[in-house]
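Q: Input: one structure, supplied below.
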């Protein structure tokens with residue numbers, strides 16, 4: 001594995017006690033996560049899970065006509081492929097790389113074996129799943145009740161929380177697909193944020209220049225999701241390390 005990459009860059013893997021890391025880390029495969037890569041499609045059988053380290057994956061709900069809307073994002077705080085250990089092994093959603101980078105891949109059977117031991121991995125994954133479900137529910141509420149400006153702020157902040165940079169590489173067309181809205185709406189919303197001095201947008205690159213300003217403008221949905229992740233995972237990480 002490259003020296004610049006380490007499984008502990010993923011927060012779930014970092015929280016595991018040494019004995020579980022010793023069992024799992026030799027089975028991890030470091031993989032590239034290019035922009036737009038599909039990790040799984042609706043109804044497809046999952047054979048691996050991915051632990052992102054510096055990439056972000058969007059989970060999308062896909063309609064019969066091909067239209068899609070993002071229901072959650074997963075970055076270095078989590079895992080892609082919860083259906084494997086929840087017993088389903090397939091899902092009606094699609095997983096697409098939203099921000100390029102890398103991840104650690106693990107065979108599904110290896111994860112299930114560790115999960116069935118009932119140790120720290122099981123507890124972490126169950127808490128993570130609850131946090132992810134909260135994000136999905138809050139996303140649905142946000143899309144129904146809040147303005148596109150607020151939705152875009154939420155999306156930007158959730159993405160920043162999972163990156164080591166203040167810059168996001170993403171075209172307005174892709175953002176529109178994620179949010180399930182017309183591109184013209186994203187163009188207008190991004191223009192409002194840029195005019196307010198919160199972001200700079202150029203050729204598919206969004207630079208957040210005023211994060212506190214974004215946090216002041218965003219709806220409560222972002223805070224609800226962030227606090228739930230902190231409540232469910234931060235304490236567990238500290239307990240495992242102790």
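Readers should treat all values here as calculations from the given coordinates under stated rules, not as data from a laboratory. These numbers were taken from a predicted model, which means no experiment stands behind them. Don't worry about glycine lacking a Cβ; one is built from the backbone with ideal geometry, like all the others, and counts go over all protein chains shown.
Q: Restricting to DSSP H runs of at least four residues, report the calculated mean residue ellipticity at 222 nm for the chain, -39500 (n - 2.57) per run over all residues, nearest 500 deg cm²/dmol.
A: Values: 11 runs with 109 residues, N = 242.
The helix contribution divided over the chain gives -13000 deg cm²/dmol.
Q: Sticking with this one: Per residue and in cubic angstrom, what volume does the convex hull of the Cα atoms of region 1-58 have? Let's see the in-between values first.
A: Details: hull volume 6.1 nm³, N = 58.
Hull volume over Cα atoms, normalised by residue count, gives 105 Å³.
Q: Convex hull volume of the Cα atoms in region 147-218, per residue, in Å³? Display every interim value, and only then the final one.
A: Values: hull volume 5.4 nm³, N = 72.
It comes to 75 Å³ per residue, whole-number rounded.
Q: Next question. Over region 117-188, consider all pairs of different Cα atoms and compute the Kirkwood hydrodynamic radius from their mean reciprocal separation; express it in Å, one decimal. Please report the intermediate quantities before stating the final value.
A: Values: mean 1/r = 0.0710 Å⁻¹.
Answer for region 117-188: a Kirkwood hydrodynamic radius of 14.1 Å.
Q: May I ask for the distance between the Cα centers of region 63-79 and region 12-54, given as a whole number of Å?
A: 17 Å
Q: Same structure again: Rg and Dmax of region 77-216, using alpha carbons, in Å: what are they?
A: 17.5, 53
Q: Can you tell me the equivalent ellipsoid semi-axes for region 56-114? Use √(5λ) from the Cα gyration tensor, largest first, whole Å. Please list the in-between numbers first.
A: Details: eigenvalues 93, 51, 13 Å².
Over the Cα atoms of region 56-114, the ellipsoid semi-axes are 22, 16, 8 Å.
Q: Obtain the nm distance between the two label points defined at residue 6 and residue 187 by a simple spin-label model: each point lies 7 Å from its Cα along the Cα-to-C-beta direction.
A: For residue 6 paired with residue 187, the spin-label model returns 4.5 nm.
Q: Still on this model: Compute from the Cα atoms of the chain the Rg and the Dmax, the latter being the longest Cα-Cα distance, and quote both in angstrom.
A: Radius of gyration, then largest Cα-Cα span, for the chain: 17.7, 53 Å.
Q: May I ask for the equivalent-ellipsoid semi-axes of region 7-142, computed as the square root of five times each C-alpha gyration tensor eigenvalue and listed largest first in whole Å? Before the final figure, lay out the partial values.
A: On the way: eigenvalues 114, 50, 40 Å².
Taking √(5λ) for each eigenvalue gives 24, 16, 14 Å, largest first.
Q: Run the simple label-point estimate for residue 202 and residue 30 please: 7 Å along Cα→C-beta, distance reported in nm.
A: 3.2 nm
Q: Under the definition of Cα pairs under 8 Å and six or more residues apart, what whole-number percent is the relative contact order of the chain? It would help to have the intermediate numbers written out before the result.
A: Values: 412 pairs, mean separation 52.5, N = 242.
Here the relative contact order equals 22 percent.
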